[in-house]
Amino acid sequence: MDLKSIENIVSLCKRRGFIFQSSEIYGGLGSTWDYGPYGVEMKQKIKDFWWHDVVTSRENVVGMDAAILMHPKTWEASGHVSNFHDPLVDCKNCKARYRADHVDLNKPCERCGKKDWTEPRQFNLMFKTAIGPVEDSGEITYLRPETAQGIFVNFMNVQGTSRQKLPFGIAQLGKAFRNEITTGNFLFRTREFEQMELEFFIHPGENEKWLDYWCEERLNWFKKLGINPEKLRLRPHDKDELAHYSTACFDVEYEFPFGWSELEGIADRGTFDLDQHNEYSGKKQQYFDPQTNERIIPAVVESSAGVDRTFLTCLVDAYCEEEVRDKKRIVLKLDPKIAPITCAVLPLVKKDGLPEIAQKIVEDIRTKYSAFFDQGGSIGRRYRRQDEAGTPYGVTVDHQTTEDGTVTLRDRDTMDQVRISTDNILSELQSRIQ
Ligand code: ATP
């Protein structure tokens, strides 16, 4: 897949209602995207799959949902006010701005071809905002640049009420905002995005064991999403790449058309965050260990993934252009778990009672999966629309259905069709979707 494919994916997303440019009727807002009907279904399925895998299926992980606006001291304690910077350079000639670590300053500006850079300077990535009606006298705070701090400041509340014992995790899913200097590659780097984060609290000294554990778990999760394992890897950070709080970190990376890039960071954060909140709030952030009768500040292993980056990865990985009987077929080979529509139901013709039978089948399927009724256009055209939307299964109701109660079930990837009884549609779908 080449870079052109990203453009093809952007246009497919618009054509099929996955993603639209934000505020498009006003000319759009750069690098900001809205999820349409299919996009929001697929995104929700990715989030649900994460929540189930990381929270609901585990005894030792609980969830929470903190406010986006937090007390400004949070961001002093976390180090974001003083450390959450990227180095910024401007091209003095054309005024283009770049992250200094993303361009070679010995080479000319790629936009205008002149070599006239400003000195790199630090730029804080947090969006500032004022709380209260009068901007000047209002309290300044920030839109959260990560969901993690909402978990740390609630450590005592959640541990106290859930009565979890170490090791245990607190997970959260929600929006984060970063005033990125350069955005791009569609959903890959935007200023508003969603994160899926887990803070796993452990006895200090067990960091390595749990870092290894979560690296494996998280890499497996991406594989279970149906992403090609050969395009996934775990990459350890070099010492000079580590964030200010971290002593060891691995990135889960995917091989995009624009190169290997991060989907998730899994980091050993030590006791940094709870230590900092302990100090800045003056409120003890401690865990009473019933085995040793001691109060300790737990260490933390974090897993932090981007919802939108995962969404983009699923699309890029699933996008195929094939030749079928001398015609181009565009198909999204999405895992059935995350396809916006699980099954399309298509009456062969708009008469002879076929649409009514199809509607009834749609209702049945909807008790368990998402289903879509489509009677517009030739059957071939309707299949192609569903292939582009990534719908893994199609049921066609034809005249034989009225005679013997059977329908055809079509598989998106192989395009094979089998005849099955209407009564068996749900169980057949169930057996095909693990
Ligand atoms: P990068 O190096 O790409 O800027 P990061 O190391 O700053 O990312 P983290 O702070 O580790 O990212 O954030 C965890 C995850 O949140 C990332 O792996 C990514 O999936 C997601 N994420 C971070 N920044 C963005 C962004 N601007 N747009 C979309 N997703 C993002």
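Report the Cα centroid-to-centroid distance between the range 152-193 and the range 236-267 in angstrom, as an integer. If we compute the Cα centre of each part, the gap is 17 Å. Three principal axis extents describe the C-alpha atoms of the range 1-87; from largest down they are 43, 40, 29 Å.
Over all directions, the projected convex hull of the C-alpha atoms in the range 1-160 averages 15.2 nm² in area. Ordering TYR98, LEU225, GLY205 by Cα displacement along the dipole of the chain toward the positive end leaves TYR98 in first place; charges were set at the Cβ atoms of Lys, Arg (+1) and Asp, Glu (-1).
The Cα-based radius of gyration of the range 166-218, divided by its Kirkwood radius, gives an Rg/Rh of 1.13. The calculated Kirkwood hydrodynamic radius for the chain is 24.5 Å, given to one decimal from all distinct C-alpha pairs. Among all the aspartates and glutamates, which ones have a C-alpha under 14 Å from LYS239's C-alpha, if same-chain residues fewer than 8 places away are not counted? In chain and number order, the partners are ASP251, ASP268. Annotation: amide H of ALA96 within the under-5 Å range of CYS91, sequence separation 5 or more or interchain, hydrogens built in the peptide plane. Using the Stokes-Einstein relation with a Kirkwood hydrodynamic radius computed over Cα pairs, the translational diffusion coefficient of the range 78-145 at 4 °C and a viscosity of 1.567 mPa s comes to 92 µm²/s. Dipole of the range 301-346 computed with +1 at Lys/Arg Cβ and -1 at Asp/Glu Cβ about the Cα centre; of SER303, THR313, ILE338, farthest Cα towards the positive end is ILE338. In units of the rule-of-thumb radius 2.2 N^0.38 Å, the range 227-346 shows an alpha carbon radius of gyration of 1.61.
Ratio of the range 55-110's C-alpha Rg to 2.2 N^0.38 Å, to two decimals?
Scaled against compact globular proteins, the figure is 1.96.
Pairs spanning more than 30 Å between alpha-carbon atoms, out of LYS175/LYS337; LYS43/LYS73; LYS14/LYS115; LYS43/LYS114: LYS43/LYS73; LYS14/LYS115; LYS43/LYS114.
Can you give the convex hull volume per residue for the Cα atoms of the range 237-306, as a whole number of Å³?
122
Tally up the carbon and sulfur contribution to the accessible surface of the range 54-105 as a whole percent, 1.4 Å probe, everything protein left in place.
That fraction is 50 percent.
Our summary of shape: the Cα atoms of the range 110-239 have principal axis extents of 54, 49, 30 Å, ordered from largest down, in whole angstrom. For LYS165, the aspartates and glutamates whose Cα comes closer than 16 Å to its Cα, not counting residues fewer than 8 places off in the same chain, are GLU59, GLU199, GLU206, ASP289, GLU294. The ellipsoid equivalent to the alpha-carbon distribution of the range 134-209 has semi-axes of 30, 20, 10 angstrom, derived from the gyration tensor eigenvalues as √(5λ) and listed largest first.
Based on the Kirkwood approach, the hydrodynamic radius assigned to the range 275-374 is 19.5 Å, with every pair of different Cα atoms included.
Over the range 137-290, accessible surface divided per residue gives 42 Å², non-protein components excluded, 1.4 Å probe. Checking Cβ-Cβ separations below 4.7 Å across the chain identifies CYS13, CYS215, CYS249, CYS314, CYS320, CYS343 as cysteines lacking any candidate disulfide partner. Averaging the Cα positions of each part gives two centres, and for the range 31-81 and the range 380-434 these lie 35 Å apart. Normalised per residue, the accessible area of the range 337-384 is 48 Å², obtained with a 1.4 Å probe and no contribution from ligands, DNA or RNA.
Each residue of the range 251-264 was assigned a 3J(HN,Hα) from its phi angle through the Karplus expression (A = 6.51, B = -1.76, C = 1.60, θ = phi - 60°), giving 9, 7, 10, 10, 8, 7, x, 9, x, 5, 9, 6, 9, 7 Hz with x at Gly and Pro.
Multiplying the residue separation of ILE296 and SER370 by 0.36 nm and subtracting their alpha-carbon distance yields 21.9 nm. Taken about its Cα centre, the chain carries a charge dipole of about 1020 debye when Lys and Arg each add +1 at the Cβ and Asp and Glu each add -1 at the Cβ.
Near GLU146, the amide H atoms lying under 5 Å from its own belong to PHE177; only residues 5 or more places off or on other chains count, and H is placed 1.01 Å from N. Against the empirical 2.2 N^0.38 Å (N residues), the range 195-251 has a Cα radius of gyration ratio of 1.25. Helix 307-318 axis versus longest C-alpha principal axis of the chain: approximately 40°, rounded to the nearest ten.
The values are calculated or read from the model by the stated rules, or taken from the named source; none is laboratory data. All values reported here derive from a predicted model rather than from experimental measurement. Neighbour counts run over all protein chains shown; Cβ positions are idealised from the backbone, glycine included. When the accessible area is computed, the model is the full protein with side chains, heavy atoms only, and any ligands, DNA or RNA have been set aside. Shrake-Rupley method; radii C 1.70, N 1.55, O 1.52, S 1.80 Å.
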